[in-house]
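Trainee: For reference, the structure I am asking about is given below.
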Amino acid sequence: MISRMERAFNYVILTILAVLVLFPVGTFLVAALSPDRSGKPVGFSDFAWDNFATAWRDADFSRAMTVSLIVAVCVVAGQVILALLGGYAFGVLGVAGDKWLFPVVLLGMMISLEAIIVPLYYQFRTFGLTNSLPGIILIHLGMGVPFGIFWMRAAFRALPRSAFESAELDGAGPLRMLRSMAAPMARPAIYTLILLSFMWTWNDYFLSLVFLHGDNQTATVALGVFQGKYVTQINLMAAGGLIVAAPVLALYVVFQRKFISGMLAGAIKE
């Protein structure tokens, strides 16, 4: 049993941490709504809500965010499907050679993007995949699938083995067990993978800057160009930053409970 003193102490610590985390966010929001170029705080009645409209129009975020959304949705869908299949194969089926094949897959998590970006660019240019959405989607999949397989393997290994053995005795095949048992039971981990994959893809700047240009600019690159033009107008830069961050924040708010439970998936194993 937790005493009242311990509970009060926990609430005090959590309140302090919440203030420390939310204070920068609050100041950023106030700067975005300030009519002053330097982003100085003003009264509520003086908030300049049109800063967001100005940033949206001048940065052409409607086009850039559409590109980012297409890339992120395709990457998330592809990564989740491949991670489910790979994680299920390594975590439940026990494929032949997994003792050496799984470490090979993990090598994809250890390769620095900066170390391979130059040869990767020239290779993709040879195949005509630079400045194309399929090219950038393929790169994101190659960089993200190893983590997805690692993540789902841990989630599947935490599921009760007896359930799969019973289903196998009843005549269920591997794909049937994945569709009807493994995926529903590992749903929190899948939601977490969706959120992480979307966040990493949406926030990407380096790959998009190197491989995409012109009408294919993503939201993060468009934000960088916009900030270069309005470097002295802190309020507009803050408004543009909030616009680009809004989809990730909204997705996290929707899936926050599933995200937390998914982060704990694999902590308890039968």
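The values are calculated or read from the model by the stated rules, or taken from the named source; none is laboratory data. Here the structure is a predicted model, which means the values were calculated and not measured. When we count neighbours, we look across all protein chains shown, and the Cβ atoms used for this are built from the backbone with ideal geometry, even at glycine. Keep in mind that these areas ignore ligands, DNA and RNA; they rest on the heavy atoms of the full protein, side chains included. Shrake-Rupley method; radii C 1.70, N 1.55, O 1.52, S 1.80 Å.
Trainee: Among the residues of region 88-96, is there at least one that is of a type in the set (Ser, Thr, Tyr), more than 16 Å from TRP200 (Cα to Cα) and more than 23 Å from the chain's Cα centre (by Cα)?
Mentor: No - not one qualifying residue is present in region 88-96.
Trainee: May I ask you to list the residues in region 17-47 that are in contact with a helix residue (DSSP H, G or I) (Cβ under 7 Å, 6 or more places away or on another chain) and assigned to a loop (DSSP other than H, G, I, E, B)?
Mentor: Of everything in region 17-47, those that are in contact with a helix residue (DSSP H, G or I) (Cβ under 7 Å, 6 or more places away or on another chain) and assigned to a loop (DSSP other than H, G, I, E, B) turn out to be LEU33, SER34, PRO35, ASP36, ARG37, SER38, GLY39, PRO41.
Trainee: Return only the number of the condition from (1) of a type outside the set (Phe, Trp, Tyr); (2) closer than 24 Å to ASP204 by Cα; (3) surrounded by fewer than 11 Cβ atoms within 10 Å (Cβ to Cβ) that VAL12 does not satisfy.
Mentor: It is condition (2) that VAL12 fails.
Trainee: For region 48-57, give me each residue that is open to solvent by 60 Å² or more (accessible area, probe 1.4 Å) and part of a helix (DSSP H, G or I).
Mentor: ASP50, TRP56, ARG57
Trainee: Of everything in region 20-47 that's open to solvent by 40 Å² or more (accessible area, probe 1.4 Å) and polar (S, T, N, Q), which residue is farthest from the chain's Cα centre (by Cα)? Steps first, please.
Mentor: Residues of region 20-47 open to solvent by 40 Å² or more (accessible area, probe 1.4 Å): 20-25, 27-30, 35-38, 40-42, 44-47.
From the residues that got through so far, the ones that are polar (S, T, N, Q) too are 27, 38, 45.
Working: THR27: 24, SER38: 31, SER45: 36 Å.
For region 20-47, the residue satisfying everything is SER45.
Trainee: Looking at region 178-198, which of its residues are under 16 Å from ALA77 (Cα atoms) and of a type in the set (A, V, I, L, M)?
Mentor: Across region 178-198, the qualifying residues are ALA183, ALA189, ILE190, LEU193, ILE194, LEU195, LEU196.
Trainee: Scanning for something surrounded by fewer than 14 Cβ atoms within 10 Å (Cβ to Cβ), assigned to a loop (DSSP other than H, G, I, E, B) and not β-branched (Val, Ile, Thr), does region 59-74 turn up at least one residue?
Mentor: no
Trainee: Filter region 199-212 for residues that are free of Cβ contacts under 8 Å to residues at least 40 places away in the same chain and in a helix (DSSP H, G or I) and give the result.
Mentor: LEU209 - this is the single residue of region 199-212 that is free of Cβ contacts under 8 Å to residues at least 40 places away in the same chain and in a helix (DSSP H, G or I).
Trainee: Show the residue pairs that are 6+ apart or on different chains and have beta-carbon atoms under 7 Å apart, the first residue being within region 35-64 and closer than 19 Å to VAL25 by Cβ and small (Gly, Ala, Ser), the second being in a loop (DSSP other than H, G, I, E, B) and open to solvent by less than 50 Å² (accessible area, probe 1.4 Å).
Mentor: Final answer for the pair search is ALA48/LEU33; ALA48/SER34.
Trainee: Can you tell me which residue within region 172-198, out of those that are in contact with a helix residue (DSSP H, G or I) (Cβ under 8 Å, 6 or more places away or on another chain) and part of a loop (DSSP other than H, G, I, E, B), is surrounded by the most Cβ atoms within 10 Å (Cβ to Cβ)?
Mentor: Filtering first and then ranking leaves ALA186.
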